[in-house]
1. Any residue in segment 245-256 that is surrounded by 19 or more Cβ atoms within 10 Å (Cβ to Cβ), at pLDDT 95 or above, in a loop (DSSP other than H, G, I, E, B) and within 18 Å of the chain's Cα centre (by Cα)?
2. Kindly provide the set of residues from segment 107-133 that are within 17 Å of the chain's Cα centre (by Cα) and either β-branched (Val, Ile, Thr) or under 13 Å from GLY33 (Cβ atoms) (or both), ordered by number.
3. Given the residues PHE181, PHE157, which is the only one that is buried (at least 22 other Cβ atoms within 10 Å of the Cβ), modelled with pLDDT of 95 or more and within 21 Å of MET293 (Cα to Cα)?
4. Select from segment 25-77 the residues that are among the hydroxyl-bearing types (Ser, Thr, Tyr) and not in a helix (DSSP H, G or I) and write down the one among them that is farthest from the chain's Cα centre (by Cα).
5. Tell me which residues, restricted to segment 41-93, are among the aliphatic types (A, V, I, L, M), under 22 Å from LEU21 (Cα atoms) and surrounded by fewer than 16 Cβ atoms within 10 Å (Cβ to Cβ).
6. Which one of THR120, THR130, THR138 is touching a residue at least 12 places away in the same chain (Cβ under 8 Å), hydroxyl-bearing (Ser, Thr, Tyr) and either crowded, with 16+ Cβ neighbours inside 10 Å or under 21 Å from GLY258 (Cα atoms) (or both)?
Amino acid sequence: MTRKIIIDTDPGQDDAVAILLALASPEEIEVLGITAVAGNVPLALTQKNARIVCELAGRRDIRVFAGCEKPLAHALVTAEHVHGKTGLDGIALPEPTMPLQDTHAVEFIIDTLRQEPPGTVTLCPLGPLTNIATAFRTAPEIVGRVQEIVLMGGAYFEVGNITPAAEFNIYVDPEAAGIVFGSGVPLTVMPLDVTHKVLTTRPRIEAIRDLDTEVGHAVAAWTDFFERFDMEKYGHDGAPLHDPCVTAWLVRPGLFSGRHINVEIETASPLTRGMTVADWWGITDRPKNAMFMGDVDAQGFYDLLTGRLARL
């Protein structure tokens, strides 16, 4: 059965790949709209990049909305050091000609959840959770109408990638993450523990490049770009493709395994701000609020990704 989703995103090369995988999977996924948030790069670039990716996929019909330009309580932290000045460095793509929607992203999220039958819309945040938390605070009655939230964010065994304790998406807006993780909506979380297992390798990237399509060349060029940074940082043979894990789970959940556990967000400590405190071993009696993924069939993931990108 096709799942209706809203992709909330801050593209970012790996966000772009996640969007492409969703648009290439119409049997499993119906994209109701894409909402942009500030994160990897500022909002002016994330909303533009979302439209560039839709046009690359030949999907000018997808509606793109601009959302919150800064976190709920703190100044914006961005990640140009990873994704480059544009967020999509690695290949020069044309400026988008499809329009940005006039409606604010938060308004679109609220309106969609009010209009669609309860329990039929899944929210898929690939960046900081500012838009989702703002929608929940603005219209609390929509929270119970969300089918599920499937997000990329957090870490436990892999600790942090922007501070020693925190993963970037959660760190940028921990207050927003606290609202989402405390909302009671069913959560499926793709932390660094999983995303660091779907590493690019030469054969995997060349298989995508060998599609010999505009999409294949763009994805290969993007991964070549940010791979250099991550290989130097982590000492791995390749770079993790974080955000496509969200889409891959929607298409083929059997690729992933995890545990239903309690996850709390640290917002007060200057040392561990943005940490996802995951009770992996069931040490506390805090209520379980998240399916926290821990493992993935990496080759199965890349086989799925390459096969679907071949459709675009």
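1. no
2. The initial filter retains those residues of segment 107-133 that are within 17 Å of the chain's Cα centre (by Cα), namely 109, 121-133.
Those that are within 17 Å of the chain's Cα centre (by Cα) and either β-branched (Val, Ile, Thr) or under 13 Å from GLY33 (Cβ atoms) (or both): ILE109, VAL121, THR122, LEU123, CYS124, THR130, ASN131, ILE132.
3. Working: PHE157 fails: buried (at least 22 other Cβ atoms within 10 Å of the Cβ).
Within the list PHE181, PHE157, the selection yields PHE181.
4. Start the filter on segment 25-77 by keeping residues that are among the hydroxyl-bearing types (Ser, Thr, Tyr), which leaves 25, 35, 46.
Still in the running and not in a helix (DSSP H, G or I): 25, 35.
Values: SER25: 16, THR35: 11 Å.
Ranking the candidates gives SER25 first.
5. We begin by selecting, within segment 41-93, every residue among the aliphatic types (A, V, I, L, M); these are 41, 43-45, 50, 52-53, 56-57, 62, 64, 66, 72-73, 75-77, 79, 82, 88, 91-93.
If we keep only those that are under 22 Å from LEU21 (Cα atoms) as well, we get 41, 45, 50, 52-53, 56-57, 62, 64, 66, 82, 88, 91-93.
If the condition is that a residue be among the aliphatic types (A, V, I, L, M), under 22 Å from LEU21 (Cα atoms) and surrounded by fewer than 16 Cβ atoms within 10 Å (Cβ to Cβ), then ALA92 is the only one that fits.
6. Details: THR120 fails: either crowded, with 16+ Cβ neighbours inside 10 Å or under 21 Å from GLY258 (Cα atoms) (or both); THR138 fails: either crowded, with 16+ Cβ neighbours inside 10 Å or under 21 Å from GLY258 (Cα atoms) (or both).
The unique qualifying residue is THR130.
The values are calculated or read from the model by the stated rules, or taken from the named source; none is laboratory data. Quick caveat, the model's predicted, so the values are computed rather than measured. Using ideal geometry, Cβ is built from the backbone for each residue, glycine included, and neighbour counts are taken over all protein chains shown.
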